[in-house]
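Colleague: Handing you this structure, nothing more for now.
Readers should treat all values here as calculations from the given coordinates under stated rules, not as data from a laboratory. Worth saying up front: this structure is predicted, and the values here are computed from it rather than measured. All Cβ positions, glycine included, derive from the backbone under ideal geometry; neighbour counts span all protein chains shown.
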């Protein structure tokens, strides 16, 4: 049986292993507390940009919880574990990248279809800029996130890949860090809050 994860001690882990998975009977006992513990972590790593888009920067902590939530809700047992690990482990930063789930959150169905229908290829227009460096996002290659008719998925999985030098500079950088989307139909940028930048610097080793 996996021991209960202390999120503060898990920060530098880059992969959830089968041995990290709690028995669902045990997870059920601590689920409420684990979810509560992660609220401030998720808040710090959440970055809205423009009227509809939000970046959720992922970590071992967020993916550990996500995997457990999927197992707890879907009740697939041990046979479900490999699929969940395969789905979510790629979204954990590996020490030289930042990983984010980008979501276009639009409640109105008509507006959602209109916006997403004009955002094909948006995953190729995302960037992170600090100092003299601009890092263009790499889309997760699990599935094509833009349809043949130019409609974007409401959920995008992206990575920002750093060189050794860029990682070192980002960790030491004290100026503004810009996160942006250059798509012609969604040209928006924002500055990362200092606490968000500090959390992301901890994802780089």
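Colleague: Of the peptides 52-60, 163-171, 102-110, how do they stack up when ordered by the mean number of other Cβ atoms within 10 Å, highest first?
Modeller: Values: 52-60: 21.3, 163-171: 14.9, 102-110: 13.2.
Averaged packing, sorted descending, gives the order 52-60, 163-171, 102-110.
Colleague: Further question: Any chance you could run the full-extension gain for residue 151 through residue 72? It's 0.36 nm times the residue separation minus the Cα-Cα distance, nm to one decimal. Before the final figure, lay out the partial values.
Modeller: Details: separation 79, 0.36 × 79 = 28.44 nm, distance 3.25 nm.
Gain on extension, residue 151 to residue 72, equals 25.2 nm.
Colleague: I need the calculated FRET efficiency for the pair residue 165 and residue 44, taking r as the beta carbon distance and R₀ as 30 Å, to the nearest 0.05. Don't jump to the answer; show the numbers that get you there.
Modeller: Working: r = 26 Å, r/R0 = 0.86.
About 0.70, to the nearest 0.05.
Colleague: Against the longest alpha carbon principal axis of the chain, how many degrees, from 0 to 90 and to the nearest 10, is the axis of helix 60-74 turned?
Modeller: 60
Colleague: Using Cα pairs closer than 8 Å and at least 6 residues apart in sequence, work out the relative contact order for the chain, in percent. Let's see the in-between values first.
Modeller: Numbers: 332 pairs, mean separation 46.0, N = 205.
In percent, rounded to a whole number, it is 22.
Colleague: For residue 136, project a label point 7 Å along Cα to C-beta. Then give me every residue of the stretch 147-174 with its amide nitrogen under 13 Å of that point.
Modeller: Label zone hits: 161.
Colleague: Could you give me the percent of Cα pairs per 10 Å distance bin for the stretch 7-201, shortest bin first, beginning at zero and ending with the bin that holds the maximum distance?
Modeller: 8, 33, 34, 21, 4, 0
Colleague: So what is the orientation-averaged projected area of the stretch 95-205, using the convex hull of its C-alpha atoms, in nm²? The partial results should precede the final answer.
Modeller: Working: hull surface 29.7 nm².
That works out to 7.4 nm².
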